[in-house]
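Any read-out appearing in this document is the output of simple, stated calculations on the displayed coordinates, not a laboratory observation. Computed from a predicted model, the values in this text were never measured in an experiment. Quick reminder, even Gly has a Cβ in these numbers, built from the backbone with ideal geometry, and neighbours come from all protein chains shown.
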There are 2 protein chains.
Amino acid sequence: MDRSFASAVDALSDFVLGGGKRIRPTYAWWGWRAAGGDPDGELADEVLTAVSSLELIQACALIHDDLMDASSVRRGKPTVHIAFGARHREHGWLGSSERFGMSAAVLIGDIALAWADDMLFAAGLPAEVLRRMSEPWRDMRTEMLAGQYLDVLTQARGDSSADAALRIDRLKTAAYTVERPLHMGAAMAGGSPELIDGLRAFGADIGVAFQLRDDLLGVFGDPEVTGKPAGDDLAEGKRTLLVALGMQFGADILDIALGKPDLDLETVEEVRRALVKVGAVDAVEERIEELTKSALAALDAAPVAEPAATKLADLAISSTKRTF
Amino acid sequence: MDRSFASAVDALSDFVLGGGKRIRPTYAWWGWRAAGGDPDGELADEVLTAVSSLELIQACALIHDDLMDASSVRRGKPTVHIAFGARHREHGWLGSSERFGMSAAVLIGDIALAWADDMLFAAGLPAEVLRRMSEPWRDMRTEMLAGQYLDVLTQARGDSSADAALRIDRLKTAAYTVERPLHMGAAMAGGSPELIDGLRAFGADIGVAFQLRDDLLGVFGDPEVTGKPAGDDLAEGKRTLLVALGMQFGADILDIALGKPDLDLETVEEVRRALVKVGAVDAVEERIEELTKSALAALDAAPVAEPAATKLADLAISSTKRTF
């Protein structure tokens, strides 16, 4: 189309290939296996391409999310808007470097979102398979965007209730990250309503548990592991269940620390101690345990083909277990 | 999904239903008719739904474009990022109103882009029809985004050459607005390669002509008609062919006026006089005439069914004719 467009496409390519845990394609793949999809069958390659397109949706979500949150680091590298702002500055181009970085991030995220659809529909799947998965595909993208919007709105309103945090978790992580990918995979293989309901119940619970574990990592995690500065979620003012319970239980230091862009390590340590002391960490750990249990029960009750049942149970446990 | 999401969806709905010339659906519809699509046939409603989804792509393009250009007015109303920033301010919400407006505009544009695909694929068209139109659908979305990116990059680089302006026009307007919608429509009806090539040649030329007319309106147009302040394109620093030729021909006032956010009417008038005097307006008018002629010749040579041939010729003339 135009030679200059390559710099946008390269940035997207680097972003997608540069890291990430491939969680959504993994769940979609195992949803397909759960409904009897054959990894040595003739559609396996096409299914692998189709589920991989979820990484492009996630690229859009992250690139736009980093822009909205003004995050400067992702996976240990500058975020897209920061990198393009820096490029603008280095070249001494006209206008505001910040605005240029913002524009590039908006457009590169848009490209990822449009190409996710293109990748899915060009995967070579039969029309009938595409038709069956159109509902979860559609709902997944909308739930992701609704979750992002709700997140932005909740932060603006200063709604730090546990209820608001859980509503966001249900849409942004549970539905978009686990439930719908499983649904999509199972629908591709023509899974029964019973199987799909079971997988969705599993996904809805394990997805929230997964987010709660991530929230704990966002406050307590090692920057080497998370790729983000220590206490980044606190500095960003992220309204998580952990934070909501911390406030509710009287960890007053949160009022001072939350949303402070220049949060020092000492204050982060103080918040950590307070969250443990008031019992917020224990309460979140307990919730993770309950959700993991109910997820595993739903999985157990569903007619899931092996080895998917074992694999999904392993994923559930490994993605929600304590890591510190 | 969540009650609060309604405010985003309402804003998108108001935006799409609140105005616009429906140019892209119109061209797609007449592309379909050109290839023999029957307006009283059984697929007509489904085709109408499918081509209407182009308005959602355009909503994404405009909402994100207004954000990137920091435009405050669109169709006589506040742009989405401005409206949401104002809502934030009125409610006295937390954080920066500007950032909230930006976030809302990013997400509402994303919703429009995702829903365009959903609307197309839920239109009820047979799988074979969807398959035939997948190539122009894919290329159209990428050409739009590539054109936007090239536009941002060209402005940053300060490239005010006529060549750069025409490259952007070819992608952003010609391909995305006329050529691909015609291609998509004709492909839906199973048009021959000969017909599709003819329609695309017509669309590529008339699309550029249409953009050049729009560029003239952006500088000379009546705010009552354009819905934008007088000389808005100049204040935004838009690098159009008109501006490129004006600079090339020695309208030095452009160096002062271009990209000045607080441009006064007197300077706008001065720029107008200079563009006429140096011959830039005549050169652009001449180019519009040439492109319209070659477009009509391509249309004439293509095996276009009536009444589409007459209708497309009328559209070509009415969308490129002098209006002042």
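Compactness of the protein assembly as shown was expressed as the Cα radius of gyration divided by 2.2 N^0.38 Å, which yields 1.02.
With a simple spin-label model that places each label point 7 Å from the Cα along the Cα-to-Cβ direction, the separation between A:Glu266 and B:Asp45 comes to 7.1 nm. Packing-based ranking of B:242-254, A:245-257 yields B:242-254, A:245-257, ordered from highest to lowest mean Cβ neighbour count within 10 Å.
GNM, chain A, Cα, under 10 Å: largest mean-square fluctuation among A:Gly92, A:Gly279, A:Gly203? Taking springs between Cα atoms under 10 Å, the residue moving most is A:Gly92. Cross-link list A:Lys228/B:Lys172; B:Lys77/B:Lys172; B:Lys260/B:Lys293; B:Lys228/B:Lys321; B:Lys238/B:Lys277; A:Lys77/A:Lys238: which exceed 26 angstrom alpha carbon to alpha carbon? With Cα atoms farther than 26 Å apart: A:Lys228/B:Lys172; B:Lys260/B:Lys293. Scattering from segment B:192-324 was approximated by placing one identical point on each alpha carbon and applying the Debye formula without solvent; log10 I(q)/I(0) at 0.13 1/Å stands at -0.59.
Starting from segment B:262-324, pick out the trypsin sites (Lys or Arg not before Pro) whose DSSP state is loop and whose Cβ has at most 13 other Cβ atoms within 10 Å.
Within segment B:262-324, the qualifying trypsin sites (Lys or Arg not before Pro) (loop, at most 13 other Cβ atoms within 10 Å) are B:Lys321, B:Arg322.
For segment A:61-153, the fraction of C-alpha pairs farther apart than 19 angstrom is 54 percent. Taken along the Cα-to-beta-carbon direction at a fixed 7 Å, the label points for B:Ala70 and B:Val9 span 3.5 nm. Loop-located trypsin sites (Lys or Arg not before Pro) in segment A:58-150 (DSSP state not H, G, I, E or B) with no more than 16 neighbouring Cβ atoms inside 10 Å: A:Arg75. Residues of segment B:222-249 with backbone nitrogen within less than 19 Å of a virtual label 7 Å along the Cα-to-Cβ line of B:Arg89, please, listed as ranges. The answer is B:229. Placing a label point 7 Å from Cα along the Cα-to-Cβ direction at B:Glu290 gives distances to the equivalent points in the other copies of 7.4 nm, listed shortest first.
Ignoring solvent entirely, what values of log10 I(q)/I(0) come out of the Debye formula for chain A at 0.08, 0.09 Å⁻¹ when each Cα is a single scatterer? Here log10 of I(q) over I(0) equals -0.39, -0.49.
Placing dummy labels 7 Å off each Cα toward the beta-carbon, the span from B:Ser96 to A:Leu17 is 3.4 nm.
Between copies, the label points of B:Arg131, set 7 Å from Cα on the Cα→Cβ line, lie 1.3 nm apart, reported in increasing order to one decimal in nanometres. Here the relative contact order of chain A, from alpha carbon pairs under 8 Å that lie six or more residues apart, stands at 21 percent.
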